[in-house]
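The values are calculated or read from the model by the stated rules, or taken from the named source; none is laboratory data. What you see is a predicted model, and the numbers here were worked out from it, not measured in a lab. All Cβ positions, even for glycine, are placed from backbone atoms using ideal geometry, and neighbour counts span all protein chains on display.
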Amino acid sequence: MGRRPDPLADRRVTPLWLSHHWPEDYDRCVLIGRRHVCRRCLVLYPLAFGVALVVAAIVPDVATAPWTAWVTVLAPLPAVVEFVAEHLGAARHSPARQVAVTVPLGVGLGVGFARYLSDLTDPVFWGTVVVYGGVCGLAAIARVRRMPDADAVLYFNPNCSKARGARDLLADAGAAVSVVDYRKHPLDRDELVVLLGELDDDPAALVRKDARFRDLGLDAADYTTPDAVATLLAEHPELMERPVFRTGGRAVIGRPPERVLDLL
């Protein structure tokens, strides 16, 4: 069997300082140019710093104003609950919900920053940071992450809704799967020959007949055999259909995404 892709390869090249997430979780990011940027941070920090400046400018003795203590403590609570629920497996990620709970978090953090600027030892600010930070830290530690089986691989494009759907279905089923972005780490010809030999679908189905295919002046009739398909995809990995799930010597194209469950 051909060489398996390194499931950690994407992690080494991910600009984590921008995304804060591995490629399989890029649905938690927004795409700006060609960079994935954490959606929560994109909302949180501009809002928090803006609120902090406004509150510090217009509220006298902000650290002693009772309402600022309540906002500092209560406004972040929905985001904390969401974080804990996701990490303990009680809720699936939702981009809309992520933004919805980040807005009050940004307000609470901004008011907390204003209190901190007024009193660097403010117990409300530091107590909130320690308690909520500790709760979220424990949830992150408790998150169950099974070690991926090197034989179970999902070839993945994070910008593809069907690929994300297949990933989520496998996660919900408790499958241990290595997720590989095949555009960044394309399979070589030998690996593609092996994959095509495992594929339950016709070899031609592995080739996307999209605008890129047409722009290259290619004819679908020329790419019906495993050898021809492997040669083409080794040269043009962007033409590989996605997602593709392989495990136990078999592989399927996840269209519809539910097909990946047939191999479990």
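A few comments on the model shown:
- Just one of the listed residues (Val129, Val194, Val153) is touching a residue at least 12 places away in the same chain (Cβ under 8 Å) and farther than 26 Å from Asp227 by Cα, and it is Val129.
- Qualifying residue in region 246-261 (condition: hydroxyl-bearing (Ser, Thr, Tyr) and under 21 Å from Asp27 (Cα atoms)): no
- Long-range neighbours under 7 Å by Cβ, at least six apart or interchain, first residue over 14 Å from Gly89 (Cβ atoms) within region 133-144, second loosely packed, with under 13 Cβ neighbours inside 10 Å and at pLDDT below 90: none
- Qualifying residue in region 219-236 (condition: under 20 Å from Leu154 (Cβ atoms) and among the charged types (D, E, K, R)): no
- Region 214-233, subset assigned to a helix (DSSP H, G or I) and touching a Leu at 6+ places or on another chain (Cβ under 6 Å), residue farthest from Lys184 (Cα to Cα): Pro226
- Of the helices (runs of 4 or more DSSP H) lying entirely inside region 77-152, the ones with 2 or more residues being assigned by TED's automatic domain parsing to the domain that holds Ala57, closer than 30 Å to Asp262 by Cα and modelled with pLDDT under 95 are found at 77-87.
- Count - residues of region 57-86 that are of a type in the set (Gly, Ala, Ser) and closer than 13 Å to Val107 by Cα: 3
Let's see how each residue does on (1) among the aliphatic types (A, V, I, L, M); (2) crowded, with 19+ Cβ neighbours inside 10 Å:
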residue: Asp172; (1), (2): no, no
residue: His185; (1), (2): no, no
residue: Asp201; (1), (2): no, no
residue: Val207; (1), (2): yes, yes
residue: Ala228; (1), (2): yes, no
residue: Thr247; (1), (2): no, yes
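- Applying the condition of being more than 22 Å from the chain's Cα centre (by Cα) and part of a strand (DSSP E or B) to region 248-264 and asking which residue is farthest from Lys162 (Cα to Cα) yields Arg250.
- In region 176-212, the residue that is modelled with the lowest pLDDT out of those that are in contact with a Pro (Cβ under 9 Å, 6 or more places away or on another chain) and part of a loop (DSSP other than H, G, I, E, B) is Ala176.
- Qualifying positions in region 49-99 - within 27 Å of Gly137 (Cα to Cα) and β-branched (Val, Ile, Thr): Val51, Thr68, Val71, Thr72, Val73, Val80, Val81, Val84, Val99
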